[in-house]
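What follows is a single structure, written as structure tokens, with notes after it.
The values are calculated or read from the model by the stated rules, or taken from the named source; none is laboratory data. Note that the coordinates shown come from a computational prediction; the quantities given were computed from them, not determined experimentally. Ideal geometry is used to build each Cβ from the backbone, glycine not excepted, and the neighbour counts take in all protein chains shown.
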Amino acid sequence: MKRAILLLNMGGPNNLDEVSVFLHNMFNDKNVINAPKIIRMFVAKLIIFMRLHEAKSNYKAIGGKSPIGGYTQQLIDALSLQVDATVHMVMRYTPPFAKDTLKNLQEVDEIYAIPLYPHYSTTTTLSSMEDLQNSMKQLGIKAKLKTIDKYYKNENYNKAIVERIKESLGDADASEYELIFSAHGLPQRIIDKGDLYQRDIKYNVFYARKALMQAGIEFHKTHLAYQSRLGPLEWIRPYLEDKLKSLKKKKVIIYPIAFTVDNSETEFELEIEYREKAEEMGFVDYRVSKVVNNHPLFVESLKEIYEELKQC
């Protein structure tokens, strides 16, 4: 029995030339912009025209590429040592695309698709799964496909979140800090249409708070906010900038709860852009926690998910 695990994620530019590819593919995704194809193409071209220079400048600030590929490979290397399957990377908007990875899996009997999104959303989970299934069909791959929609309740995943927060806190007194769980935002209209993302995020915050309590870590207060707002539409609130302005303590730790692998939203947007905003607001200590990445507890949680799927 030949088995393969595919770790699905959004992706990010592997070099500056791929920035336009990333933007084009994202804003042409019908699950991101629910409009006729010709309108999506127009919107994508407009966004590329308006944002390409700024986007490239942002990626230059963090090494000329998204860090998501490197962190994902580290996770693959760690998970490969724990399972009886080969482990592969599949990105939605930049290489390696599903069709590229699947070409080397023609002889596999079972494919286990595990999204690196712990929370379900049509814009992430559904988009990646539809792309994977379409690619399998186009390539004539008959392997049995098993997957999972969400896993924010997984105990080891939440313990890994706590360990990363502890690393960021160091020897400091948690009671002197505010903790913000920052999630990638979505337009409110997507949530109003029934997308479960915001609900899942709130549940994840509940389980993460519970894990913090069990670990004996008590912050002054913990909060939930949303980052990465784009365009004139109303997005889900509270916005991260507004939340920062409202805090009484001027010491804060940000945990990017929407992500399992660090990327430009964590290493540029949170580490650089929001740090500047926080300093302007008078924060004396602003810290951004690493996400779970290849933490042994997260690797264990993925192994648990795989073993559970094998029984289905």
Could you pull out the residue among Tyr226, Tyr203, Tyr286 that is modelled with pLDDT of 95 or more, more than 30 Å from Lys146 (Cβ to Cβ), of a type in the set (Phe, Trp, Tyr) and under 18 Å from the mean Cα position of the chain (by Cα)?
-> Tyr226
Scan region 1-57 for residues that are surrounded by fewer than 16 Cβ atoms within 10 Å (Cβ to Cβ) and polar (S, T, N, Q) and jot them down.
-> Asn15, Asn34, Ser57
Going through region 186-200 in order, the residues found to be crowded, with 16+ Cβ neighbours inside 10 Å and either within 15 Å of the chain's Cα centre (by Cα) or without any contact (Cβ under 8 Å) to a residue 24 or more places away in the chain (or both) are Leu186, Tyr197, Gln198, Asp200
In region 143-163, is there at least one residue being among the aliphatic types (A, V, I, L, M), closer than 15 Å to Ala258 by Cα and surrounded by fewer than 17 Cβ atoms within 10 Å (Cβ to Cβ)?
-> no
Just one listed residue, out of Thr86, Thr125, is under 18 Å from the mean Cα position of the chain (by Cα), closer than 26 Å to Gly70 by Cα, β-branched (Val, Ile, Thr) and modelled with pLDDT of 95 or more, and it is Thr125
Considering each of Ala98, Ala183, Ala174 in turn, give the residue that is within 17 Å of the chain's Cα centre (by Cα), hydrophobic (A, V, I, L, M, F, W, C) and surrounded by 15 or more Cβ atoms within 10 Å (Cβ to Cβ).
-> Ala183
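Taking the conditions exactly as written (more than 17 Å from the chain's Cα centre (by Cα), more than 20 Å from Val292 (Cα to Cα) and not in a helix (DSSP H, G or I)), does Lys137 satisfy them or not?
no
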Note on region 146-181: residues of a type in the set (A, V, I, L, M, F, W, C) and either over 30 Å from Ile111 (Cα atoms) or in a helix (DSSP H, G or I) (or both) are Ala160, Ile161, Val162, Ile165, Leu169, Ala172, Ala174, Leu179, Ile180, Phe181
Which number in (1) surrounded by 15 or more Cβ atoms within 10 Å (Cβ to Cβ); (2) out of contact with any Asp or Glu (no Cβ under 6 Å at 6 or more places or on another chain); (3) of a type in the set (Lys, Arg) marks the one condition that Lys248 misses?
-> (1)
Please work out if Leu132 is among the aliphatic types (A, V, I, L, M) and not assigned by TED's automatic domain parsing to the domain that holds Arg209.
-> yes
Among the residues of region 113-134, write down those that are part of a loop (DSSP other than H, G, I, E, B) and in contact with a Phe, Trp or Tyr (Cβ under 6 Å, 6 or more places away or on another chain).
-> Pro118, His119, Ser121
Consider Met89 carefully, then state whether it is closer than 28 Å to Leu270 by Cβ, of a type in the set (A, V, I, L, M) and assigned to a strand (DSSP E or B).
-> yes
Restricting to region 236-277, what's the tally of residues that are closer than 29 Å to Lys193 by Cα, among the hydroxyl-bearing types (Ser, Thr, Tyr) and assigned to a helix (DSSP H, G or I)?
-> 2
Taking Val32 as the residue in question, decide whether it is touching a residue at least 40 places away in the same chain (Cβ under 8 Å), in a loop (DSSP other than H, G, I, E, B) and either in the same structural domain as Thr122 (by TED's automatic domain parsing) or under 21 Å from the mean Cα position of the chain (by Cα) (or both).
-> yes
Here are Leu6, Leu16: which of them is at pLDDT 95 or above and either in contact with a His (Cβ under 7 Å, 6 or more places away or on another chain) or in the same structural domain as Gly231 (by TED's automatic domain parsing) (or both)?
-> Leu6
From the set of residues in region 212-238 that are touching an Asp or Glu at 6+ places or on another chain (Cβ under 8 Å) and not aromatic (Phe, Trp, Tyr), which is farthest from Pro118 (Cα to Cα)?
-> His220
Do we find a residue being touching a residue at least 60 places away in the same chain (Cβ under 8 Å), on the phi < 0 side of the Ramachandran plot and not in a loop (DSSP other than H, G, I, E, B) anywhere in region 40-59?
-> yes
